[in-house]
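Undergrad: For reference, the structure I am asking about is given below.
The values are calculated or read from the model by the stated rules, or taken from the named source; none is laboratory data. Note that the structure is predicted; figures quoted are calculated from it, not measured. All Cβ positions, even for glycine, are placed from backbone atoms using ideal geometry, and neighbour counts span all protein chains on display.
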Amino acid sequence: MTNLIIERLFKEMPAFHAWPDGSPADWSVSNDVLRFISDLVRPGMSTLETGAGQTTVALAASGAKHVCITPDKDQIRRIQAYLEPLGLVDSVHFIQQSSDVALPSGRGVPDQLDLVLIDGAHRFPFPVLDWHYTQERVPVGGIMIVDDFRMPSVRILYDFLVGEDEWELVKAFQVTAIFRRTKKTVSVWDWADQRINKEHLERFKQKNDIESGSQRFMSLLKSWMARKQ
């Protein structure tokens, strides 16, 4: 059934989005990404996306327990109307709020998320906030998807994840990156634990070593001068 619905999406290309003037728009991920996501997801998996669109249909069709966060009630209505004849309308729990409100509250968000798709508001800092408030719920082996990562306000998150040990870049499509969590994040010394800060940490250590060495030298010099008097 999943493949049939995915093929139907490819054929019909439903426009779930809208331009600011209200005219229909299709900002869906690529067909390859839809196929990849549908192949990843298994029935019963817990999934969440910020934003909504054809991915919402694909995740529902894959049998996931899906949560979709979007403030756009008209978009929700359009997607539900598409899901209704497919018998999937109850497969998605919509949270009609902005993600920066919904995610911090945690209401309606499962404790564990096997897959998270970040594709809501693209302006900074929304992609980073969406990641921040979901990443601790993603277990080792779980998936984090970042769409439109070539956009500067989203690229910040992509660059961070690529460099950290806790995340592995599984596949990068034209504008969509698929990451897998490889281990839990353990923070021992805040910023110094992150690879993004490695160069700054080295400068910090070097500066500290110089200052420590200078302090030891001055201490020895003062002791020597005291003995000479």
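Undergrad: Could you check how many residues of region 60-75 are at pLDDT 95 or above and surrounded by 21 or more Cβ atoms within 10 Å (Cβ to Cβ)?
TA: 5
Undergrad: Taking only region 125-163 into account, find how many residues are part of a loop (DSSP other than H, G, I, E, B), in contact with a helix residue (DSSP H, G or I) (Cβ under 9 Å, 6 or more places away or on another chain) and surrounded by fewer than 17 Cβ atoms within 10 Å (Cβ to Cβ).
TA: Of the residues in region 125-163, 3 are part of a loop (DSSP other than H, G, I, E, B), in contact with a helix residue (DSSP H, G or I) (Cβ under 9 Å, 6 or more places away or on another chain) and surrounded by fewer than 17 Cβ atoms within 10 Å (Cβ to Cβ).
Undergrad: Only one of (1) over 20 Å from residue 145 (Cβ atoms); (2) modelled with pLDDT of 95 or more fails for residue 85. Which number is that?
TA: For residue 85, the exception is condition (2).
Undergrad: Next question, about the same structure. Pairs only if they're at least six apart or on different chains, beta carbon under 6 angstrom, first in region 79-95 and in the same structural domain as residue 63 (by TED's automatic domain parsing) and surrounded by fewer than 18 Cβ atoms within 10 Å (Cβ to Cβ), second of a type outside the set (Asp, Glu) and in a strand (DSSP E or B); list them, first residue then second.
TA: 93/67
Undergrad: Another question, if that's okay. When region 189-224 is examined, which residues are found to be out of contact with any helix residue (DSSP H, G or I) (no Cβ under 7 Å at 6 or more places or on another chain), at pLDDT 75 or above and in a helix (DSSP H, G or I)?
TA: Answer for region 189-224, where residues must be out of contact with any helix residue (DSSP H, G or I) (no Cβ under 7 Å at 6 or more places or on another chain), at pLDDT 75 or above and in a helix (DSSP H, G or I): 190, 193, 198, 199, 200, 202, 203.
Undergrad: Please go through region 113-124 and pick out each residue that is assigned to a loop (DSSP other than H, G, I, E, B) and either β-branched (Val, Ile, Thr) or surrounded by 21 or more Cβ atoms within 10 Å (Cβ to Cβ) (or both).
TA: Of everything in region 113-124, those that are assigned to a loop (DSSP other than H, G, I, E, B) and either β-branched (Val, Ile, Thr) or surrounded by 21 or more Cβ atoms within 10 Å (Cβ to Cβ) (or both) turn out to be 113, 114, 119, 120.
Undergrad: Restricting to region 164-177, count the residues that are under 19 Å from residue 34 (Cβ atoms) and either in a helix (DSSP H, G or I) or touching a Lys or Arg at 6+ places or on another chain (Cβ under 9 Å) (or both).
TA: Total meeting the criteria: 4.
Undergrad: Counting residues that are under 23 Å from residue 142 (Cβ atoms) and within 17 Å of the chain's Cα centre (by Cα), which strands (runs of 3 or more DSSP E) fully inside region 25-112 reach at least 2?
TA: 46-50, 65-69
Undergrad: Then there's this: Taking region 63-103 as the region of interest, how many residues are small (Gly, Ala, Ser) and touching a Leu at 6+ places or on another chain (Cβ under 8 Å)?
TA: Counting residues in region 63-103 that are small (Gly, Ala, Ser) and touching a Leu at 6+ places or on another chain (Cβ under 8 Å) gives 3.
Undergrad: Just one of 46, 38 is touching a Leu at 6+ places or on another chain (Cβ under 6 Å) and either surrounded by fewer than 15 Cβ atoms within 10 Å (Cβ to Cβ) or among the hydroxyl-bearing types (Ser, Thr, Tyr) (or both); which is it? Break it down stepwise before answering.
TA: Details: 38 fails: touching a Leu at 6+ places or on another chain (Cβ under 6 Å).
Every option except 46 fails the conditions.
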